[in-house]
Amino acid sequence: MKLATRIALSVTVVVPLLVITAGLVVLGLVSRDLHSQQDTRLQDRASAVLPGIRTLLAADHNGRPKVEQNQHRKVLDDVLDAGIQVQAADGTVVLTGGPQPTDTARLPDRTPNGPVTFQDRGHSWRVLVVPVSGAAPGTLRLFAPASATDPQLAAVRRRVVFVALVAAPVSGLLAYGLAGRATASVRRLSRRAAELDPRAGAAAFASTPTRITEVDELSRSISQLLARYDEQAARTTQALDTARSFSSAASHELRTPLMSMRTDLDVLAAHPDLPAEERAEVVRDLQRDHARLLELLTALRMLAQGDLVEVSAFSPLDLADLVDAAATEARRRHPEATLEAELPGEVRVFGWDAGLRILLANLLGNAVVHGHRPGEPASVAVRLRTEGDRAVLTVDDHGPGVPADQREAVFLRFHHGPGSPGSGLGLTLVAQQAALHQGSVTVGDAPGGGARFEVRLPLTRPDTPTLMLPLRRDWL
């Protein structure tokens with residue numbers, strides 16, 4: 001059922017009920033007003049005839065029939081359409097006239113608060129009892145049928161029913177027309193949503209305000225839903241690209257060590273009586289290839305993590321603590337190297353903890369492996385400082401340095417220097433993490449010879465605690 005039809009049916013039912021409810025309230029108010037008017041008339045009649053009643057009772061008491069007869073006529077003329085009954089002090093009825101209850105009706109003796117209602121054989125009467133004082137006391141009762149107001153109440157009741165019957169179809173038709181106009185914008189929005197090409201995304205659903213709050217809110221909700229869908233589709237595509245790149249890079253780079261291992265295994269299988277020295281050399285080759293495989297797979301996994309990380313993984317961190325931990329780990333792994341760290345008390349950055357650890361481990365590992373001259377142990381100096389709104393980390397070694405024409409190439413995937421034992425992905429990981437943290441990494445000459453790697457990362461700012469990750473993350 002259409003919304004306009006639902007609204008019309010609801011209004012068709014509700015409006016007559018409201019009219020009837022209002023009519024019942026009005027009917028009660030009219031009934032109360034009519035009874036009040038009737039009571040006022042009875043009290044006015046009592047005030048008008050009371051002097052004549054006193055004269056009538058006095059004439060009856062003194063035995064003057066002529067005066068009594070004259071007062072009879074005068075009182076009946078003054079009482080008009082009301083019923084009247086006058087009793088002497090001894091209970092004798094002196095005068096009756098007009099509409100009266102039956103003789104068996106039990107009449108009230110007093111009505112101190114005004115007229116009251118009593119029942120007589122299924123009929124309701126309003127009665128006002130007024131005590132008559134003077135030389136000849138008595139009691140005056142004025143009557144009026146309570147049903148005298150029924151014709152007026154019936155007229156009001158008929159009008160209420162008529163209005164309710166007319167209001168039902170009229171209100172339903174009006175509600176249907178107004179609801180149709182009100183839901184027209186919703187229907188247009190529904191058609192646009194149905195005709196939307198899923199490949200077009202949120203950009204194709206740009207809508208103009210209708211100045212109808214609910215419709216505009218629905219339109220914004222659909223736009224936000226499409227935007228989230230586009231974002232999720234982009235993430236899915238990026239994840240698929242990362243998976244394809246991972247498998248492609250792994251198959252390409254693992255081919256050489258795997259073939260080498262296969263050759264060594266074939267040699268061991270074909271020559272079980274190989275001399276011990278040659279067998280030990282083959283085993284060492286296998287161990288080196290195995291270590292290279294593990295290093296390569298670990299580096300590829302880290303690159304994949306960086307390509308898929310989300311902003312929710314970032315939080316405020318103390319970079320000085322991370323550098324100190326990385327330097328301690330590098331000393332443990334390479335006890336023969338000399339590694340000095342100059343660190344401030346605290347340097348706060350907004351970063352990914354695992355990503356910064358990857359950056360520091362590879363940066364220091366690269367310096368220890370390449371930062372020495374033949375026959376000399378490695379000597380590395382690590383310094384961390386702040387410069388404006390940036391944290392600046394420098395890693396100096398005393399190795400051969402990096403030629404100027406290769407300083408950009410060292411950050412590319414699988415770039416190997418002459419005699420490099422690594423996977424060619426260590427500095428790629430450093431560059432990836434610097435880009436994810438909206439920073440940069442450069443290589444230059446260290447004072448006294450060697451290479452200097454410099455990483456710059458933005459410091460934490462209270463007004464911008466989060467960051468936007470790069471749109472394209474294709475390090476794999």
Asp324 being at pLDDT 90 or above and assigned to a helix (DSSP H, G or I): yes
Pick from region 368-387, criterion modelled with pLDDT of 90 or more and not hydroxyl-bearing (Ser, Thr, Tyr), ranking: surrounded by the most Cβ atoms within 10 Å (Cβ to Cβ): Val380
Search result, residues across region 446-476 that are at negative phi, modelled with pLDDT of 80 or more and surrounded by 11 or more Cβ atoms within 10 Å (Cβ to Cβ): Ala446, Ala451, Arg452, Phe453, Glu454, Val455, Arg456, Leu457, Pro458, Leu459, Thr460
Members of region 59-92 found to be small (Gly, Ala, Ser) and surrounded by fewer than 18 Cβ atoms within 10 Å (Cβ to Cβ), listed by number: Gly63, Ala89, Gly91
Pair list, Cβ < 9 Å and 6+ apart or interchain, from region 129-158 residues that are aromatic (Phe, Trp, Tyr) to residues that are in a strand (DSSP E or B): Phe143/Gly83; Phe143/Ile84; Phe143/Gln85; Phe143/Trp125; Phe143/Arg126; Phe143/Val127; Phe143/Leu128
Scan of region 263-291 for residues that are hydrophobic (A, V, I, L, M, F, W, C), free of Cβ contacts under 8 Å to residues at least 24 places away in the same chain and either on the phi > 0 side of the Ramachandran plot or surrounded by 13 or more Cβ atoms within 10 Å (Cβ to Cβ) (or both), ordered by number: Val267, Leu268, Leu274, Val282
Val392 under 19 Å from Arg456 (Cα atoms), surrounded by fewer than 21 Cβ atoms within 10 Å (Cβ to Cβ), of a type in the set (A, V, I, L, M) and modelled with pLDDT of 90 or more: yes
Filtered residues of region 435-444 (kept if modelled with pLDDT of 90 or more and surrounded by fewer than 18 Cβ atoms within 10 Å (Cβ to Cβ)): Ser440, Thr442, Gly444
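Residue by residue, here is whether (1) over 21 Å from Gly399 (Cα atoms); (2) assigned by TED's automatic domain parsing to the domain that holds Arg383; (3) without any contact (Cβ under 8 Å) to a residue 12 or more places away in the chain; (4) not acidic (Asp, Glu) holds:
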site	(1), (2), (3), (4)
Ser315	yes, yes, no, yes
Arg332	no, yes, yes, yes
Glu336	no, yes, no, no
Leu339	no, yes, no, yes
Pro344	yes, yes, no, yes
Arg348	yes, yes, no, yes
Ala354	yes, yes, no, yes
Qualifying residue in region 395-415 (condition: modelled with pLDDT under 90 and on the phi > 0 side of the Ramachandran plot): yes
Number of positions in region 30-68 that are touching a Lys or Arg at 6+ places or on another chain (Cβ under 7 Å) and at pLDDT below 85: 1
Residue match in region 345-365 (condition: more than 17 Å from Gln433 (Cβ to Cβ) and buried (at least 17 other Cβ atoms within 10 Å of the Cβ)): no
Residue among Pro209, Pro198 that alone is at pLDDT 70 or above and either among the acidic types (Asp, Glu) or under 22 Å from Gln224 (Cα atoms) (or both): Pro209
Residue identified as modelled with pLDDT of 75 or more and either more than 30 Å from the chain's Cα centre (by Cα) or not assigned by TED's automatic domain parsing to the domain that holds Leu429 (or both) among Arg192, Arg244, Arg235, Arg288: Arg288
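The values are calculated or read from the model by the stated rules, or taken from the named source; none is laboratory data. Note that this is a predicted model, so its numbers are computed, not measured. Positions of Cβ are backbone-derived with ideal geometry, glycine not excepted, and every protein chain shown enters the neighbour counts.
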